[in-house]
Amino acid sequence: MTQHVVAPVAEVPPGSHKLYTVKGRPIAVFKVDGEYFGMLDRCPHQGGSLCAGVVSGVLVSGKPGTYRLERNGELVRCPWHGWEFDIRTGQSYCDPAKIRGKSYPMSVASGAAVSEGPYVAETVPVRVEQDYIVVEM
């Protein structure tokens, strides 16, 4: 897999998420318990934006009238139909055997490491022709 620099870590504070486009793909980046996780920003059900969904946890009950919230901040719910996905793995809670959100491995690299590579910025030749700027892609 090719690595791509997405954003400075300060852009995604703890417990938050933000949408980025990487190589034309919408990637929702989540920060959970100090770790970053990436998911394709499309619910596999009908394509709703997962980044626009609610981030929540699992409500667990041992007996009637008592409950507790577990895994808070680790699930994202599609805003269209409420399908839930594990932010860490993409695993569906609606149909775990068949449905999974596309997840991407994320890591944090120091500024020095990023400037040294292996990251390479894509460049394209540009020239001026009379009054027009033309880019070659």
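The values are calculated or read from the model by the stated rules, or taken from the named source; none is laboratory data. Remember, predicted model here, so these are calculated numbers, not experimental data. Neighbour counts are summed over all protein chains in view; Cβ atoms, including those assigned to glycine, are modelled from backbone coordinates with ideal geometry.
Quick look at the values:
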quantity	calculated
Flag for Pro44 being outside any strand (DSSP E or B) and under 16 Å from Cys94 (Cβ atoms)	yes
Residue match in the stretch 17-36 (condition: of a type in the set (Ser, Thr, Tyr), within 30 Å of Thr123 (Cβ to Cβ) and in contact (Cβ under 8 Å) with a residue 12 or more places away in the chain)	yes
Matching residues in the stretch 56-83 - criterion: being out of contact with any Cys (no Cβ under 9 Å at 6 or more places or on another chain) and loosely packed, with under 13 Cβ neighbours inside 10 Å	Leu59, Val60, Ser61, Gly62, Lys63, Pro64, Gly65, Thr66, Tyr67, Arg68, Leu69, Glu70
Among the candidates Val128, Val120, residue that is outside any loop (DSSP other than H, G, I, E, B), of a type in the set (Val, Ile, Thr) and modelled with pLDDT under 85	Val128
Residues of the stretch 66-112 classified as touching a strand residue (DSSP E or B) at 6+ places or on another chain (Cβ under 8 Å), in a loop (DSSP other than H, G, I, E, B) and of a type outside the set (Phe, Trp, Tyr), total	15
Those residues of the stretch 1-52 which are surrounded by fewer than 15 Cβ atoms within 10 Å (Cβ to Cβ), under 20 Å from Phe85 (Cβ atoms) and among the acidic types (Asp, Glu), in sequence order	Asp33, Glu35
